[in-house]
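**Student:** Structure provided below as structure tokens; questions to follow.
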Amino acid sequence: MKAAVTTAPRRMEIQELADPVPRPGEALVQVEVVGICGSDLHFYEGENPYSNYPQTQGHEFSGRVVALGTPGGGGQPSGGAVRVGQRVAVEPLVPCGECYPCQRGRPNCCTRLKVLGIHIPGAFAEYVVVPVETLYPADDLDPELTSLVEPISIGMQVVTRGTVTGEDTVAVFGAGMIGQAVLACAADRGARVLVVDKVASRLELAGRLGAERVVDAAQDDPAAVIAEWTGGDGAAVVVDATGAPAVIRSAVDVVAYSGRIVVVGISLQEVSLPISMFTRKELTILGSRNNAGVFGQAVDLVRRRGEGLRVLITQRYPLARAPEAIEFALHNPAVAEKVLLSVHDGAEAG
Ligand SMILES: [Zn+2]
Ligand SMILES: [Zn+2]
């Protein structure tokens, strides 16, 4: 099979690799469409602590099941029975099942977590092997929308961690794909959502995805707008989808007394926070990582709101041009919201 293999920092090449073979409990999936994620860019640049080469990246994908490992080897699909020929969304996480968080229903932060495309071969390839229990049937969706399920699941985890309801005001900092996913999931719950970014095109997308208010931080003071927007209360929930220390610092100011802050942005930097705010506001500050048990809800959201989400897809490349696509995404963050690679067309696999 053909695969786009990252062979060194900032070097990706198309290679011919042996087709992977599913073992019992695994499925062979023919990749249809795979998205390029911000975390793929970090890995590609060698800035992910787990960057290792050579590796086939890619964890946001749709595909068709073309073979199942020998039956009887265990493993039940999570989203319903899966058969050969079926289109699936794939939860790209392989937790150990035994560590402290795994034993407590938090496999998303498994201490020995394997993520497709980071620790094990991913979907920038014609075929990928995955555990059967990571498959979610998606025959009623098209391949592109199905590839959006995984990034949407990151937003679903954020609103689940932040217990977002239709009564809440939610301020989302950062309108990259994750911020947009948070917006989509919070708006779907009926919350009022305000989105902050410095890139006008991203804010325009947020408006189309249902943000009640957008704030261009290059021009306006988000804290003042949030105060006005909430009648002085502050936002019930503040989400950081930037990983910027200044944003996380400001979150404790713009969040309501008794409010929640959810950090999903990734950074190796540190931030200092005024301790008095923890008690004065009785804040709940949460991290959010991958998803724990809400992937099926992400499939459901894409099923209900998929057409509206299609605006997030900004560029499309064939797999053969993956090296060019990842370079484009790296150098054009303002216009590359979601870059997709098409691998196989949507026709029934033979
Ligand atoms: Zn991702
Ligand atoms: Zn574990």
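The values are calculated or read from the model by the stated rules, or taken from the named source; none is laboratory data. Quick caveat: nothing in here was measured; it's all calculated off a predicted structure. Please note: Cβ atoms are built from the backbone with ideal geometry, for glycine as well, and neighbour counts cover all protein chains shown. The accessibility values were calculated without ligands, DNA or RNA, using every heavy atom of the protein model including side chains. Shrake-Rupley method; radii C 1.70, N 1.55, O 1.52, S 1.80 Å.
**Student:** I need the shape label for the stretch 154-287. Rule: rounded when a/c is under 1.5, else prolate if a/b > b/c, else oblate, with a, b, c from the alpha carbon gyration tensor. Please list the in-between numbers first.
**Tutor:** On the way: a/c = 1.31, a/b = 1.23, b/c = 1.07.
The shape class here is rounded.
**Student:** Name the residue farthest towards the positive end of the dipole of the chain from the options Pro95, Pro318, Pro137, assuming +1 on Cβ of Lys and Arg, -1 on Cβ of Asp and Glu, about the Cα centre.
**Tutor:** Positive-end residue among those listed: Pro95.
**Student:** In addition: When the helix-only estimate is applied to the chain (DSSP H runs of n ≥ 4, each -39,500 (n - 2.57), divided by the residue count), what is the mean residue ellipticity at 222 nm, nearest 500 deg cm²/dmol?
**Tutor:** Result for the chain, helices only: -8000 deg cm²/dmol.
**Student:** If one computes the Cα centroid of the stretch 93-160 and of the stretch 195-274, what distance in Å separates the two points?
**Tutor:** Taking the Cα centre of the stretch 195-274 as reference, the centre of the stretch 93-160 is 27 Å away.
**Student:** Round to the nearest 10 and report in Å² the accessible area of Glu133, as given by a 1.4 Å probe over the protein chains' heavy atoms.
**Tutor:** Surface open to solvent at Glu133 totals about 80 Å².
**Student:** Explain nothing, just the number: dipole magnitude of the stretch 154-287 about its Cα centre with +1 on each Lys and Arg Cβ and -1 on each Asp and Glu Cβ, in debye rounded to the nearest 20.
**Tutor:** Details: 11 positive and 15 negative charges, 55 e Å.
For the stretch 154-287, the charge dipole is close to 260 debye.
**Student:** Can you give the relative contact order of the stretch 154-287 as a percent, counting alpha carbon pairs under 8 Å and 6+ residues apart? Please report the intermediate quantities before stating the final value.
**Tutor:** On the way: 286 pairs, mean separation 29.4, N = 134.
RCO, the stretch 154-287: 22 percent.
**Student:** Please report the net charge: other residues with Cβ closer than 10 Å to the Cβ of Val33, K and R +1, D and E -1.
**Tutor:** Once positives and negatives cancel, what remains is -4.
**Student:** Right, next: Sorted by average packing, counted as other Cβ atoms within 10 angstrom per residue and highest first, what order do 296-307, 261-272 take?
**Tutor:** 296-307, 261-272
**Student:** If you add up the charges near Leu203, with Lys and Arg at +1 and Asp and Glu at -1, over every other residue whose beta carbon is less than 12 angstrom from its beta carbon, what do you get?
**Tutor:** Numbers: positive: Lys198, Arg202, Arg208, Arg213; negative: Asp197, Glu204, Asp216, Asp220, Glu337.
Cβ neighbours under 12 Å give a net charge of -1.
**Student:** What does the charge count near Gly166 come to, summing +1 for each Lys or Arg and -1 for each Asp or Glu among other residues with Cβ under 14 Å from its Cβ?
**Tutor:** After counting each charged neighbour, the total is -2.
**Student:** With the other protein chains left in place, how much accessible area per residue, in square angstrom, belongs to the stretch 154-287 at a 1.4 angstrom probe?
**Tutor:** Here the per-residue accessible area is 43 Å².
**Student:** I want to verify a result. In a Gaussian network model of the chain, Cα cutoff 10 Å, which of these has the top mean-square fluctuation: Leu319, Leu17, Leu93?
**Tutor:** Leu17
**Student:** Mean separation of Cα pairs under 8 Å and 6+ residues apart, divided by the residue count of the chain: what relative contact order is that in percent?
**Tutor:** Result for the chain is 19 percent.
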